[in-house]
Amino acid sequence: MMKEKSSTICVEKKVSNEKSLLLKNLRLPALYYREDPTRIYHYNSLASHIIGYVDDNFNGIDGVENTYNDFLKGEDGIRLVERTAGGRMITVKEEETKPAAPGLNLQLTIDKNYKQFLKKNCTMV
C-alpha cells in the first residue's frame, strides 16, 4: 500500500548510468527520470579540509569547492512544459528548451599515500 500523498513517487535515487539508460530506453508514459548531479569524492574524507564541501544546492562552501565553485557548478537547464488544469503534461516547448551545461572537472595532485601516512602518524599540536 502506498502512503504517499504526492502524485509522483521516487522509485530509486542515485542510480548507476547503466540503470538510468535502461529506464530512459523503456519510454513508458508512467515513468520519468530526473537528473540529479552529484559530486564524487573518491577517497571519502581524505583531504576534505583542502577539498571542502558543497551545500544542498551544490554551492561550494569551503576549500577548493568554494574557490572554484563558478567553474565546477555548471548551468541549470530550462524546459517549458504545458499542463492541463489537472496537472497532466500536454507538451514540451522544444524551441524554448535549454539543456543543462555540466561544470568543469578539476584534478588535484594530492598524493593519497602521503596524505594517509600523515593523517595516521602526525598529530596537530
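The values are calculated or read from the model by the stated rules, or taken from the named source; none is laboratory data. In this text the structure is predicted, and so the values were computed from the model without any measurement. Every residue, glycine among them, receives a Cβ derived from its backbone with ideal geometry; neighbour counts consider all protein chains shown. Quick note on the areas: whole protein, heavy atoms, side chains included, nothing else; ligands and nucleic acids left out. Shrake-Rupley method; radii C 1.70, N 1.55, O 1.52, S 1.80 Å.
Tabulated data
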{"quantity": "Relative contact order (%) - the range 79-125, alpha-carbon pairs under 8 angstrom, separation at least six", "calculated": "25"}
{"quantity": "Among ALA47, ALA100, ALA85, residue whose mean-square fluctuation peaks in a GNM of the chain (springs only between Cα atoms under 10 Å)", "calculated": "ALA85"}
{"quantity": "Gain on full stretching of the segment that runs from TYR53 to ARG83 - 0.36 nm per residue minus C-alpha separation", "calculated": "7.1 nm"}
{"quantity": "Enclosed volume per residue, in Å³, of the convex hull spanned by Cα atoms of the range 29-76", "calculated": "99"}
{"quantity": "Isotropic mean projected area of the C-alpha convex hull, the chain (nm²)", "calculated": "12.9"}
{"quantity": "Sequence-separation-based contact order of the chain, relative, with Cα cut under 8 Å and 6+ spacing, percent", "calculated": "14"}
{"quantity": "Net dipole in debye of the chain [+1 Lys, Arg Cβ; -1 Asp, Glu Cβ; about Cα centre; nearest 20]", "calculated": "540"}
{"quantity": "Residue-averaged 222 nm ellipticity for the chain, from DSSP H runs of 4+ at -39500 (n - 2.57), nearest 500", "calculated": "-6500 deg cm²/dmol"}
{"quantity": "Against the rule of thumb 2.2 N^0.38 Å, how large the Cα Rg of the range 62-125 comes out", "calculated": "2.09"}
{"quantity": "Computed label-point distance, nm, for sites VAL92 and ARG34 using a 7 Å Cα→Cβ extension", "calculated": "1.4"}
{"quantity": "Summed side-chain charge close to LEU46 - residues other than LEU46 whose Cβ falls under 14 Å, Lys, Arg +1, Asp, Glu -1", "calculated": "+3"}
{"quantity": "Residue-normalised accessible area of the chain, expressed per residue, 1.4 Å probe, Å²", "calculated": "94"}
{"quantity": "Fluctuation leader among ILE78, ILE61, ILE90 - the chain, Gaussian network, Cα springs under 10 angstrom", "calculated": "ILE90"}
{"quantity": "Dipole-positive endmost among LEU23, THR84, LEU104 within the chain (Cβ charges, Cα centre)", "calculated": "LEU23"}
{"quantity": "In the chain, lysine pairs closer than 26 Å at Cα, eight or more apart or cross-chain", "calculated": "21"}
{"quantity": "Full-extension gain in nm, TYR68 to THR8, via 0.36 nm per residue minus C-alpha separation", "calculated": "18.0 nm"}
{"quantity": "Of all accessible heavy-atom area on the chain, the percent that carbon and sulfur account for (1.4 Å)", "calculated": "53"}
